[in-house]
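Every number in this text was worked out from the coordinates using simple rules, so none of it is lab data. Note that the structure is a prediction, hence the values are computed from the model and not measured. Counting neighbours? That spans all protein chains shown, and the Cβs are built from the backbone with ideal geometry, glycine included.
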Amino acid sequence: MHIAILSRNRYLYSTRRLVEAGEEREHKITVVDPLRCYMNIVPHAPEIHYKGRRLDGFDAVIPRIGASITFYGAAVLRQFEMTGVYPLNESVAISRSRDKLRSMQLLSRRGIGLPVTGFAHSPDDTGDLLELVGGNQFVIKLTEGTQGKGVVLTETRQAAESVIDAFRNLDAHFLVQEFVREAKGADIRCFVIGRRVIAAMKRQGKEGEFRSNLHRGGTASLVKITPEERSTAVRAARILGLNVAGVDILRSNHGPVVMEVNSSPGLEGIETATGKDIAGRVIRFIETNSRQGKTRTRGRG
């Protein structure tokens, strides 16, 4: 097979591991920078060009699209879909997962456990918004943040109102969520491929940090998940339409709650913590499932 990996940097751990895993299984792997692609938008004959030549002959494409280039990266992936190339994750599913509000609404509609959440742009009554969420501690986050950026924990209602006022002045959309104290600064990253959780790790924030992101100094360790957590992770990925996802779960007093569903989950932390060949599992999933034109939306979303 000839597989394209959409990535801005071929030397990133995740990209490099996918290249190694693909080549070990005797596939041809080409890394393509999505921002260097340009497209011919015409009926019946869509094309993608890259560095002065037309891109064609691919059997599958693995999107490793960073949050900062979601719009253009999804457009390039959609163009691949229009030409019939099989995408590991479809452009529509990636766009859903990157929109925190949209993803939470979709998960909520299907009964997935979530932290109590309020959404606002410029509320006239901040007090009532906080009453909707309840409690005295709140996690306030921008809807387009990633890797823990744009996320603030407030210890009092007065502090929460001050942060909301600041976000209002930025003309920003934001979420207000309950603070799940019993999680103790830890979450569980479930790595889903297809309809299975193939690996899981516990991410623990450093002392004094409520965010467990590894980019912020968190640590990862092996963890055994419950059947309910496993089912929640698989269902969350399926609801958003993702074949491969990193589903982040908190252990709350009322069961597992989903914090986020990541459409381009990193491989370094999960492979290091579990010792599993996750990149190889991804390639094998493509081998089993890819077919020309096997895309639910064919770029129409």
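Across the chain, Cα pairs under 8 Å and at least six residues apart give a relative contact order of 20 percent. Counting only DSSP beta bridges with both residues in the range 2-88, the antiparallel share comes to about 35 percent.
Structure remark: mean-square fluctuation, Gaussian network model of the chain, C-alpha springs under 10 Å; the largest value among Met259, Met39, Met201 belongs to Met39.
So for the chain, taking the charge dipole from beta-carbon charges (+1 Lys/Arg, -1 Asp/Glu), which of Asn136, Ile48, Ser221 sits furthest toward the positive end? The one lying farthest along the dipole's positive direction is Ile48. Compared with the dominant Cα axis of the chain, that is its longest principal axis, helix 70-82 is turned about 40°.
Extension gain, Ser221-Arg53: 0.36 nm per intervening residue step, less the Cα-Cα distance, totals 56.0 nm.
Kirkwood hydrodynamic radius for the chain: how many Å is it when counted over pairs of different Cα atoms? Spell out each step's value before the answer.
Working: mean 1/r = 0.0495 Å⁻¹.
Here the Kirkwood hydrodynamic radius works out to 20.2 Å.
Would you work out if the range 117-179 is rounded, prolate or oblate? Take a ≥ b ≥ c from the square roots of the eigenvalues of the alpha-carbon gyration tensor; rounded if a/c is under 1.5, else prolate when a/b is larger than b/c, oblate otherwise. If you can, show how the numbers build up before the last one.
Working: a/c = 1.56, a/b = 1.17, b/c = 1.34.
The shape class here is oblate.
When ranked by the protection proxy of mean other Cβ atoms within 10 Å per residue, highest first, what sequence do the peptides 85-91, 53-59, 20-26, 115-121 form?
On the way: 85-91: 25.1, 53-59: 13.6, 20-26: 15.3, 115-121: 17.0.
By packing density, highest mean first, the sequence is 85-91, 115-121, 20-26, 53-59.
Helical runs (DSSP H, four residues minimum) scored at -39500 (n - 2.57) apiece and divided by the length of the chain put the mean residue ellipticity at 222 nm at -9500 deg cm²/dmol. The charge dipole of the chain, taken about its Cα centre with unit charges on the Cβ atoms of Lys, Arg (+1), Asp and Glu (-1) only, comes to about 1080 debye. Which one of Ser103, Ala75, Val61 has its Cα pushed farthest toward the positive end of the charge dipole of the range 9-136, where Lys and Arg give +1 and Asp and Glu give -1 at the Cβ? Towards the positive end, the residue furthest out is Val61. For the range 92-184, applying the loop criterion from DSSP together with a ceiling of 11 other beta carbons within 10 Å to the GluC sites (Glu not before Pro) yields Glu155. To make sure I understand the rule: partners must be aspartates and glutamates, Cα under 17 Å from the Cα of Lys51, and not fewer than 8 residues away in the same chain. Which ones qualify? In chain and number order, the partners are Asp33.
Here the range 239-283 and the range 1-30 have alpha carbon centers that stand 20 Å from each other. Taking a ≥ b ≥ c as the square roots of the eigenvalues of the Cα gyration tensor, the range 1-60 is classed as oblate, since a/c reaches at least 1.5 and a/b does not exceed b/c.
Among 188-197, 238-247, how do they line up by average Cβ neighbours within 10 Å per residue, starting with the highest? Present the calculation step by step, with values, prior to reporting the outcome.
Values: 188-197: 20.9, 238-247: 22.9.
Highest mean packing first, the order is 238-247, 188-197.
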